[in-house]
Number of protein chains: 6
Amino acid sequence: MRIHVINPNSSAAMTEAIGDTARRVCSNGTTITADCPPGSPASIEGHSDGVRAAYHMLGLVEQSDPADGYVVACFDDTGVDGLREIASGPVLGIGEAAMHAATMLACRFSILTTLERSVPILEDNAARYGLAARCRGVHAAGLPVLALEDAADDSAFSTVCEAAAAILTRDRSDALVLGCGGMTHLAKRLGDRLGVPVVDGVSTAVRFMEALVGLGLKTGKTGGYAFPLQKQPPKTGDGHV
Amino acid sequence: MRIHVINPNSSAAMTEAIGDTARRVCSNGTTITADCPPGSPASIEGHSDGVRAAYHMLGLVEQSDPADGYVVACFDDTGVDGLREIASGPVLGIGEAAMHAATMLACRFSILTTLERSVPILEDNAARYGLAARCRGVHAAGLPVLALEDAADDSAFSTVCEAAAAILTRDRSDALVLGCGGMTHLAKRLGDRLGVPVVDGVSTAVRFMEALVGLGLKTGKTGGYAFPLQKQPPKTGDGHV
Amino acid sequence: MRIHVINPNSSAAMTEAIGDTARRVCSNGTTITADCPPGSPASIEGHSDGVRAAYHMLGLVEQSDPADGYVVACFDDTGVDGLREIASGPVLGIGEAAMHAATMLACRFSILTTLERSVPILEDNAARYGLAARCRGVHAAGLPVLALEDAADDSAFSTVCEAAAAILTRDRSDALVLGCGGMTHLAKRLGDRLGVPVVDGVSTAVRFMEALVGLGLKTGKTGGYAFPLQKQPPKTGDGHV
Amino acid sequence: MRIHVINPNSSAAMTEAIGDTARRVCSNGTTITADCPPGSPASIEGHSDGVRAAYHMLGLVEQSDPADGYVVACFDDTGVDGLREIASGPVLGIGEAAMHAATMLACRFSILTTLERSVPILEDNAARYGLAARCRGVHAAGLPVLALEDAADDSAFSTVCEAAAAILTRDRSDALVLGCGGMTHLAKRLGDRLGVPVVDGVSTAVRFMEALVGLGLKTGKTGGYAFPLQKQPPKTGDGHV
Amino acid sequence: MRIHVINPNSSAAMTEAIGDTARRVCSNGTTITADCPPGSPASIEGHSDGVRAAYHMLGLVEQSDPADGYVVACFDDTGVDGLREIASGPVLGIGEAAMHAATMLACRFSILTTLERSVPILEDNAARYGLAARCRGVHAAGLPVLALEDAADDSAFSTVCEAAAAILTRDRSDALVLGCGGMTHLAKRLGDRLGVPVVDGVSTAVRFMEALVGLGLKTGKTGGYAFPLQKQPPKTGDGHV
Amino acid sequence: MRIHVINPNSSAAMTEAIGDTARRVCSNGTTITADCPPGSPASIEGHSDGVRAAYHMLGLVEQSDPADGYVVACFDDTGVDGLREIASGPVLGIGEAAMHAATMLACRFSILTTLERSVPILEDNAARYGLAARCRGVHAAGLPVLALEDAADDSAFSTVCEAAAAILTRDRSDALVLGCGGMTHLAKRLGDRLGVPVVDGVSTAVRFMEALVGLGLKTGKTGGYAFPLQKQPPKTGDGHV
């Protein structure tokens, strides 16, 4: 079984970290391909970054050999629906994987993300997945995505850990979801320190994807995720009127 | 006041029709710029077309002179949130404009779109806008987008009209929303025939945009629609690991 | 095009202010008729005031020449549904107009109203319009409606401005909706000071109404807003048993 | 204990029938006062009738001796919130009483009302009470309110019974709610014939009101149902500008 | 009319207090049978206690003479749905009775329960009953259930009263629901002190049950509450594989 | 890793089939313990069966060696929350596992269960998990649970297959969820015949449980799933008053 893990942004360091996590958690017999689309933004901080990353991700998948399953390693789940159309194998965003898992482990969960501007995106995603009632809050640590990899590890860990503890108390949540692909390497230490399940999207999505592929399940192709229609060649020029 | 009306697909004929509608309904003193992004799919039929169209639309706007307001002339409202980030002037999708307007005119509305695969996209949009309880149904006429411009007018009109009448009866709705930018030219005739308000997204969005711009309202820039963050130059190669 | 702007309460000063706002923001070629129903409460502060104001408003409209469209200038949107039945032209409440507009401009909005007792009414309206998930809070400034017109302008402005700034911070909202027809004259100054879109219901409703009327759209008459049924003359006395 | 049962329309015959029902079902020691507001519409068929009926109902209560509790005998629950403000004793609409009771007796219920135009009003009420997920459908029998009293009893009964049986099958509901004060006298026969709980709002509201009054519970007066504020005398003329 | 009030836990003292409350509030002519299932947990503090209590409660009812109606005196409403299946007479949980009543008396209510671990259970119940939008908060006083009966009365009262006052202020609620069968005896004093309606589930459920039984209403038996199916005798051993 | 798969009913044949499925789909290195609680109902057909099965299941787990994770093999997910309290390892119901998985594979799904009386239970579960908007319908095939094992295989398969095809067409769903532990053995054939993903709860839950256990995730113990409180010994007799 081969799982294609795509970091939709173009940070090589983050891609490497995500790939490492994926390979560490996957089962024997699973091959992980981890890459990121050239041309994508260096980080995904908001809607327009997400649009561009999704575009380049689709191109990357079309030019890659088909995998058995796909993990989109951006907590915004950018481009997941589009990817479900063009691929046969199942597709999971790390945001949806983590949120679904959190509802299997705890009565209520909170999400810790990096920037305030991502908060409404994650709130909207939680609502769309139907999990808003289980999610007591989405909070920003006030760190840019790339700071998580730039910062000396202990400093970033302390910032995230303090923010997480405060959030759990305030929200009365019994699980924490890490709302950024760049926090992956902090998950285990955070769980040990906080005493609650800390759900990391990358590792959860890889394992859930192994489950779906292992069961022979694929994306449904008779409805909204049907393969794209072939277009007729355009009749006229470049579209400017 | 100048409103930039973007047809996110690359059909020149549809762009022309949309521009004509916009110019016909706009007020004196409003200038309409109507174009479409080169490189975009010829039509937007599902999620992956939407991803690609949104990408090219962002590029088009960045290369264009700033307008006072923007209308995204695809009923899926593809890329609207991303465009709100990069532009100062307000941005309206024709889907959201039409759905909001329908709730101002009728107790319940139904949406008629072209293809079945678009139905869950529009249902999800209605839910995200909070208007799902007012929308009694989203229905597909079974026509591809381009057929609406290709077909001899009367044939397409008859198909759409029969579908619409059946839908209104079944859903017990008192308004019809046309769920495709390519149906714009059918709106008036349909309204006359059906005896209910028929809401066309293009014309509604243009007029609502005139309202927002005329009131001096712009997109809020302190939250989820703040201008994109500048990225640091990437430190390493192309991101492949 | 003539728009009938009805202040459902009977405060002449507020009616005048509302009329002034409407005339200032409307387009060339739009005529504004602004009045209020004699006999109505001096202000609408709660449900029972709303019932009485709605009653007198219906009577006022029945005795007036038909307008092309109607704006109900009370943020509670009192009587809007009833007015949709008896009029042909479209009807907009300033509360619904402002809330819908806020969702076109910002990810999340907050409402500032005058009295605590109005909070659940506005919360219920936001829920009914489907916009509750976008509205992060409805807050009372603790000012009675008439104080807004009585007070020396700067004092009322300062009170409202401080309350608004605190609300935006607490709610992490990127737009403010003014939840009272009597705050209309404060909108522009507030927007300049706060740096977010400040949506005033009166001006928004007037411009949206111009849009609906300009598009030839009228209230649907085949469902819940059909014209009232004629009653048979009662067979017996005054109904006391 | 005295319960004031108000038929908000001005049909003496319906008021008499409602009063008879209330007296038949109430407990020993409960006094029923049943009347209707002079000047109210002869029947409440839609929003504008509801506005007018609510207005006259408030006037009627203000001129009546205070009762221990109030039942508003219109299934639209028109004016209930306003009445809660001006009265001390609790207030129940027959629509809300019946819907709440139905959720105590069955997994899912359906509502049978008279006219199609009332359907969205009742749907909106069910949603506002939070009971929409338990209500599988609101259906119109196609009978005007007054026909229920005019028609020879057996004819009206047969029409309603057939409609009800079809609805229960189609909706797979295990309870029926009678959605009109004028159906009160049909409840018992319908229940016997259909083999499901048939909930009549008038009798349910009277008994629930006995419960609330008997427990010493009154409407909360510290929030949205606080007594109306006294108005300052208007400073200027009749409000026309 | 005989109402069987079941305290699902096995605390004799609490059963006695609940029975006393039920007898004090019931009408003339109503007989109260109050007992609790032997073998049940001493208190219901969480999901697993609820499962066990529900089991023993079903056994108790099967071995008891049929009553006209049943009240389940645990605020978690544990086992209510199961009891509805095996009994003919209506069944009410004290949690649902109190929450429904609160929405008849106030715009918004808050629930005060004993332990934090019960909070998500009650939130989920409120959501399932559809009343979550009216419930501004579920709060734990930090007292174990049995402390309410063990503690000297004044001490427990003071703790509960202070907690309640703080909650009402913070939530801006105009009614308080007592979220534990063991708080029954504190209701009246709390209401006097706090100046808002304080809804006790035991007394409310008893009176609402009198209403339902008095109207001849029974649980619907054609859907999800149909009598249990008879099982065929098992074909094989004890089920261990 | 050892996963304890509990069939909450006491059918040995069904337990065996469920165990076979679990062992067939689990990964190398996973040990499956499959059993059912003696004393439980022979099948779970409604709420009261569920209460009894949950009770016996808790007892079974308390008397068993702790497993690394638990799967509750009843599509009603009976007793899952209680089991989360008493166990350390994660717990998954087959209903929730299947529904979550379906949202990862398709835009919309439908559930096929055995008996009509289970429909509202599954609808309520879908709503509680937040997945109601993705679930277009819950349908009963009209077969009792035990008929699925009793019937000659082809007959049961044909009945289920025809029902499923009709449901998918009517609901316009692109995935089918098998709503009964006893349908497990039909899944693969159904998927091949129907051309859509057919999600079986048993196999999905086993694989998802491997994922959770493999990631070191356990149930959160600081909130609503905290270990049960120790009870003080009861002070008095059997609780009868």
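So which residue of A has the beta-carbon closest to the axis that swings A onto D, and how many whole Å away?
A:133, 7
Would you compute, from DSSP H runs of 4+ residues alone, the mean residue ellipticity of the protein assembly as shown at 222 nm, taking -39500 (n - 2.57) per run and dividing by the full residue count, rounded to the nearest 500?
-13500 deg cm²/dmol
Per-residue accessible area for residue F:218 at 1.4 Å probe radius, Å² rounded to 10?
120
By accessible area of protein heavy atoms, probe 1.4 Å, what ranking do D:80, E:213 get, highest first? Intermediate results must be reported in sequence, preceding the final value.
Values: D:80 5, E:213 30 Å².
Ranking D:80, E:213 by accessible area, largest first, yields E:213, D:80.
For D:162, C:116, give the ranking by accessible area with the largest first, probe 1.4 Å.
Values: D:162 130, C:116 80 Å².
Result of the area sort, largest leading: D:162, C:116.
Mind checking which aspartates and glutamates have their C-alpha under 19 Å from residue C:188, skipping anything on the same chain fewer than 8 residues away?
Qualifying aspartates and glutamates at Cα under 19 Å: B:68, B:210, C:16, C:20, C:149, C:153, C:154, C:162, C:174, C:200.
Hey, for residue B:63 with labels 7 Å out along Cα-Cβ, what do the inter-copy distances come to in nm, ordered shortest first?
1.9, 6.4, 7.5, 7.5, 8.3
So the label point sits 7 Å from Cα along the Cα-to-Cβ vector; using that for residue F:142, what distances do you get to the other copies, in nanometres, sorted shortest first?
2.8, 2.8, 6.0, 6.4, 6.6
I'd like to check one number: the per residue accessible area of the protein assembly as shown, probe 1.4 Å, reported in Å² as a whole number. Let's see the in-between values first.
On the way: 45650 Å² over 1446 residues.
Each residue of the protein assembly as shown exposes 32 Å² on average to a 1.4 Å probe.
Run the 1.4 Å probe and let me know the accessible area of residue D:78, rounded to the nearest 10 Å².
Probe radius 1.4 Å; accessible area of residue D:78 about 20 Å².
Taking a label point 7 Å out from Cα toward Cβ, give me the nm distances from residue A:163 to the same spot in the other copies, shortest first, one decimal.
Counterpart label points of residue A:163 in the remaining copies fall at 3.3, 3.3, 4.7, 5.0, 5.8 nm.
Be a star and scan region A:174-188 for residues whose amide nitrogen sits under 18 Å from the point 7 Å along the Cα-to-Cβ vector of residue F:1.
In region A:174-188, the label zone of residue F:1 (backbone N under 18 Å from the point 7 Å along Cα→Cβ) covers A:188.
Could you give me D for chain D, from Stokes-Einstein at 10 °C and 1.306 mPa s, where the hydrodynamic radius is the Kirkwood radius over C-alpha pairs? Units µm² s⁻¹, please.
Details: Rh = 18.2 Å.
This corresponds to a translational diffusion coefficient of 87 µm²/s.
Ignoring any ligand, DNA or RNA, what whole percent of the accessible area of the protein assembly as shown comes from carbon and sulfur when the probe is 1.4 angstrom? Please list the in-between numbers first.
Details: 23040 of 45650 Å².
Using a 1.4 Å probe with all protein chains present, the protein assembly as shown comes out at 50 percent carbon and sulfur.
I want to check the label-to-label distance for residue D:28 and residue A:28. Put each point 7 Å from Cα in the C-beta direction and report it in nm to one decimal.
8.2
Run the 1.4 Å probe and let me know the accessible area of residue C:128, rounded to the nearest 10 Å².
Only protein atoms counted, so the area is about 90 Å².
What quantity of accessible surface, computed with a 1.4 Å probe and excluding non-protein components, is buried in total between chains D and C, in Å² to the nearest 100? Before the final figure, lay out each step's value.
On the way: alone 11680 and 11660 Å², together 19130 Å².
Looking at D and C, the buried total is near 4200 Å².
Does region F:62-129 come out rounded, prolate or oblate, given a ≥ b ≥ c as the square roots of the eigenvalues of its C-alpha gyration tensor, rounded meaning a/c under 1.5 and, failing that, prolate meaning a/b above b/c? Can you show the working numbers first?
Details: a/c = 2.59, a/b = 1.71, b/c = 1.52.
Verdict is prolate for region F:62-129.
Dividing the alpha-carbon radius of gyration of the protein assembly as shown by 2.2 N^0.38 Å (N being the number of residues), what value is obtained?
Normalised Cα radius of gyration, the protein assembly as shown: 0.89.
Using the Cα gyration tensor of region D:1-108, with a ≥ b ≥ c the square roots of its eigenvalues, what is the shape: rounded (a/c below 1.5), prolate (a/b larger than b/c) or oblate (neither)? Please list the in-between numbers first.
Working: a/c = 1.40, a/b = 1.13, b/c = 1.24.
Cα axes put region D:1-108 in the rounded bin.
For chain C, what proportion of DSSP beta bridges, expressed in % and rounded to the nearest 5, is antiparallel? Mind showing how you got there, number by number?
On the way: 0 of 23 bridges.
Around 0 percent antiparallel, to the nearest 5.
How far is helix E:94-105 tilted, in degrees, relative to the longest principal axis of the Cα atoms in chain E, given as a value from 0 to 90 rounded to the nearest 10?
Once rounded, one gets 50 degrees.
Threshold 30 Å², probe 1.4 Å: give the residues of region D:175-214, in number order, that are less accessible with all protein chains present than with their chain alone.
Buried on complex formation: D:197, D:207, D:208, D:211, D:212.
If Rh is defined by the Kirkwood formula over all Cα pairs and Rg also comes from Cα, what ratio Rg/Rh do you get for region D:87-212?
Over the Cα atoms of region D:87-212, Rg/Rh equals 0.95.
The values are calculated or read from the model by the stated rules, or taken from the named source; none is laboratory data. Not measured: the values here are computed from a predicted model. Note that we place each Cβ from the backbone using ideal geometry, even for glycine, and neighbour counts take in every protein chain shown. Side chains are part of the model used for accessible areas, which takes the heavy atoms of the whole protein and leaves out ligands, DNA and RNA. Shrake-Rupley method; radii C 1.70, N 1.55, O 1.52, S 1.80 Å.
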